[in-house]
Amino acid sequence: MPTRLLIIADTHLPKRAKRMPGAVLAAAATADLVLHAGDWVDAATLDLLQASSRSLVGVWGNNDGPELRARLPEVAHIRVEELDIAMVHETGAAAGREQRADTAFPDADVLVFGHSHIPWDTVSPGGMRLLNPGSPTDRRRQPQCTMMLADVDGADLSVELIPVDRDA
């Protein structure tokens, strides 16, 4: 049975949206693991996702204050089935991202990141999968808000970018 992941970042509550979208909470309730790549902004969002999910791993982002930084690491490393996953909020400019990720996370099979609010799914020269789920609450210059659902089956990873209605 594959391990189901919900991957989100940049929720920015309550500044960019008043509440967590229902689709995110529904996905969190059914996922085996929720990954949040920072910019929570409000500790209540961390509490909500911890209460709504079976398991949660998160990191802090540049908009997260002392309370969140005290509760979350800047970088997280976890193993899901046969995959080593690293997570960090910021990875720098898009140009050269894959090469920098190979250098910064040489033992990772997957790097989850946020910050840009722009969905990203590429493979580095070293074979690492880089994933940014966008934002479920603040689409910025994107056509829609987004999150990712992923299934890990051994060393195989399938990922789907899911549009989110932030007001539903």
The relative contact order of the chain, taking Cα pairs under 8 Å that sit 6 or more residues apart, comes to a percentage of 26 percent
Amide H of Ser55 versus every other amide H placed in the peptide plane: which residues, excluding those fewer than 5 positions away on the same chain, fall under 5 Å?
Val34
Modelling each spin label as a point 7 Å along the Cα-to-Cβ direction, I'd like the Ala94/Asp107 distance in nm, to one decimal.
3.2 nm
Extending each Cα 7 Å along its Cβ direction at Ala155 and Asn62, get the distance between those two points in nm, one decimal.
3.6 nm
Any chance you could run the full-extension gain for Asp84 through Leu25? It's 0.36 nm times the residue separation minus the Cα-Cα distance, nm to one decimal.
18.7 nm
Residues whose modelled amide H sits under 5 Å from the amide H of Ala9, counting only those 5 or more places away in sequence or on another chain, are Ala37
Per Stokes-Einstein, at 25 °C and 0.890 mPa s, what whole-number D in µm² s⁻¹ belongs to the chain, with the Kirkwood radius over Cα pairs as the hydrodynamic radius?
158 µm²/s
Ordered by residue, what ³J(HN,Hα) values in Hz, to whole numbers, does the stretch 68-74 give under the Karplus form 6.51 cos²θ - 1.76 cosθ + 1.60, where θ = phi - 60° and Gly and Pro are x?
5, 5, 6, 9, 10, x, 6
Antiparallel bridge percentage (DSSP; both residues within the chain; nearest 5):
65 percent
Only Lys, Arg, Asp and Glu count, each charged at its Cβ (+1, +1, -1, -1), so figure out the dipole size of the chain about its Cα centre, rounded to 20 debye.
700 debye
Pop a pseudo-label 7 angstrom from the Cα along the beta-carbon direction at both Val123 and Ala70 and give the gap in nm to one decimal.
4.4 nm
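No lab work stands behind these numbers, since they all come straight from the coordinates. Bear in mind the structure is a predicted one, so any value in this text is a computation, not a measurement. FYI the Cβ positions are ideal-geometry reconstructions off the backbone, even for glycines, and counts take in every protein chain you see.
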